[in-house]
Amino acid sequence: MKKMLIMVLIGLVIVVGALLASVRFAFDSADHSQYDLPKHANTGTRTSESAEHKALAKLIIAQMSSSPQTGRKQQLAMMRKQMDERGEAFQINSQIHPVNADEVSAEWVIAPGADADRRLLYIHGGAYMVGSPKSHRLITSRLSEISNSAVLAIDYRLLPENSRMAGIEDCRTAYQWLLGNGPNGRANAATLIVAGDSSGGNLALATIAWARDAGLRSADAVVAFSPQTDLTLASPSLINNIDTDIMQGKSFGPVVKAPRIFALGFSFLMHRINPSNPLVSPLLGDLSDLPPTLIQVSEAEMFLDDAVRYVNKANAMGSKATLQIWPLMMHVWQAFEIPEANEAFVKIGEFITSHTRQDQQNVQ
């Protein structure tokens, strides 16, 4: 009996080991460590943290520490409500107009004097599970101002109620719709810009690659704030920056610190798509022949090397990508009213202007 039990245990160990090995083989990605260099120098306009950022960081840490322990569904609903309320509380100069973009719920965000033929597709962040056009109005309003464009902020379908593919399809639908529709009705876009933050940055980068492959008109410029580019969770900073990333360290840190096989399994279970698929990991796809792209990221956050690797690979494949790194900032600091956000938007405005100047002249 004892001998039989030992044989059964050995058999179970072999089966589990084989299963884990097959999962690792199926979900893991090719080594992209060759794109860890160059590291890129800090390009922020300051070397020290502003008083406003320090105060905001302390407030966020306190809020995260005191979050009530509720069920997952209740916590998700609370987070969505809080993000929308915070976004709606900001004082902005832009006008907001709800719109149906070919069955994708969205809103136009239009700064005074913005050109209706210059259009920007904005894809919000929120870990693919929270966020909306309302929660990101401070960003979309600023983008409308600095790009002189009408911003279409989309309310794509979120996890877990919807599949990951549903959100991807909404981004694609909105991209196509925006090419031929503006805030005043049907009209071709003279200028097209795509932008997104964090998970929305992931969707933005995946969308421009899809548009290239589909033979659609390319965006004139792309901007991504702290995008996640690799769902296989292979970037070194995911581990190295856990302690310095106040937004994601406590929530996302335990996932990436787990044995790699479990981290890959978590990624698959969350997205229901192989994490090495470029549909959800744009870094792992073909990065040639893409529009000029600007990525802004903090050297203190976990997604730092997701950005470094993407920019380095895109440039190596012949695309034009620019990386701007800020010291000490929290994840997607551009979403707050702090000096460093203002400085970031100045640089974004310069980038957009440099890549759409000819388009502006053509419109005039």
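Read-outs: derived from the displayed coordinates by stated rules, not from any lab. Note that the structure is a prediction, hence the values are computed from the model and not measured. Heads up, the Cβs are rebuilt from the backbone with ideal geometry, glycines too, and the neighbour counts pull from every protein chain shown.
Using the empirical formula 2.2 N^0.38 Å as the baseline, the Cα radius of gyration of the chain reaches a ratio of 1.02.
Between the C-alpha center of region 85-160 and that of region 229-265 there is a gap of 29 Å.
Note on the chain: with charges restricted to the Cβ of Lys and Arg (+1) and Asp and Glu (-1), its dipole about the Cα centre is near 1060 debye.
I want to verify a result. In a Gaussian network model of the chain, Cα cutoff 10 Å, which of these has the top mean-square fluctuation: 249, 180, 200? So, out of 249, 180, 200, the one fluctuating most is 180.
Report note on the peptides 112-119, 157-164: ranked by the mean count of other C-beta atoms within 10 Å, highest first, their order is 112-119, 157-164.
When shorter helices are ignored and each DSSP H run of at least 4 residues is given -39500 (n - 2.57), the per-residue value for the chain at 222 nm works out to -15000 deg cm²/dmol. Among residues other than residue 78 with Cβ under 14 Å from its Cβ, the summed charge is +3 (Lys and Arg +1, Asp and Glu -1). Judged by the gyration tensor of its Cα atoms, with axes a ≥ b ≥ c, region 130-184 is oblate; a/c meets the 1.5 cut and b/c is at least as large as a/b.
A simple count of charges around residue 257, restricted to other residues whose Cβ falls under 14 Å of its Cβ and scoring Lys, Arg +1 and Asp, Glu -1, yields 0. Between helix 2-27 and the chain there is an angle of about 20 degrees, using the helix long axis and the longest principal axis of the Cα atoms. For helix 164-180, what angle does its Cα long axis make with the longest principal axis of the chain, in degrees from 0 to 90 and rounded to 10? The angle comes out near 20 degrees. With a Cα cut-off of under 21 Å and a minimum spacing of 8 residues unless on different chains, the lysine pairs in the chain number 10. If you line up the long axis of helix 199-213 against the longest principal axis of the chain, both from Cα atoms, how many degrees apart are they, to the nearest 10? The answer is roughly 80 degrees.
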